[in-house]
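Shown next, in structure tokens, is the structure this report addresses.
A short reminder: the numbers here are calculations on the coordinates, not readings from a lab. None of these values were measured; they are calculated from a predicted model. Note that each Cβ is placed from the backbone with ideal geometry, even for glycine, and that neighbours are counted across all protein chains shown.
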Amino acid sequence: MGHLVNELKILQANDFVMYSQAHGYHWNVEGMLFKELHAFFLEIYEDVYEQVDTISENILKLGEKAPFGAMQWLNNSTIRINDGLDLDPVTMLKCLAETNAFLIDQLKHVFEVADMENEQGIANYIAERIDKHQFWNWQLTATLKIVVV
């Protein structure tokens, strides 16, 4: 169980980092596609933020305390994001797509650990998150094709 708990703590932190990234891009996006990207980033960060609670509850179900607070999340996170304040919309989309791809890989790893530790409920939840992040991958890459062309 200890291995799964540790993986969930890292996932929780990385999820919060992606939430912060998408929310920051939502605040700071400018340009011709402002309205569309502002709404798109909102949709992403709301979805990702909701998962912090569910991941935390899964940590608690396994008998551990759920980390909280910026310092704990920073210490547990393995994602480094571009949080520059002068990013153009294309860079924001590319950076968020990279973070999302990293999270997909991590979710697949956590799924394997949950499956190996016979935690089917957690594995099912993670499988649903993989599917959602693959949806975000499609949305982000499709948007980049429109923007870049």
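Structure data summary
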quantity	calculated
Nearest-0.05 FRET efficiency for E98 and W138, computed from C-beta distance (R0 22 Å)	0.90
Extension gain, D53 back to H3 (0.36 nm per residue minus Cα-Cα distance, nm)	16.0 nm
At 0.890 mPa s and 25 °C, Stokes diffusion of segment 39-92 via Kirkwood alpha-carbon radius, µm² per second	181
Under 16 Å from K94, Cα to Cα: lysines that are on another chain or at least 8 residues apart	K145
Kirkwood Rh in Å, taken over all unlike Cα pairs in segment 2-148	15.6
Size of electric dipole in segment 2-148: Cβ of Lys, Arg +1 and of Asp, Glu -1, about Cα centre, debye, nearest 20	200
Restraint check, K65/K108; K35/K108; K9/K35; K61/K108, Cα-Cα greater than 27 Å	K35/K108; K9/K35
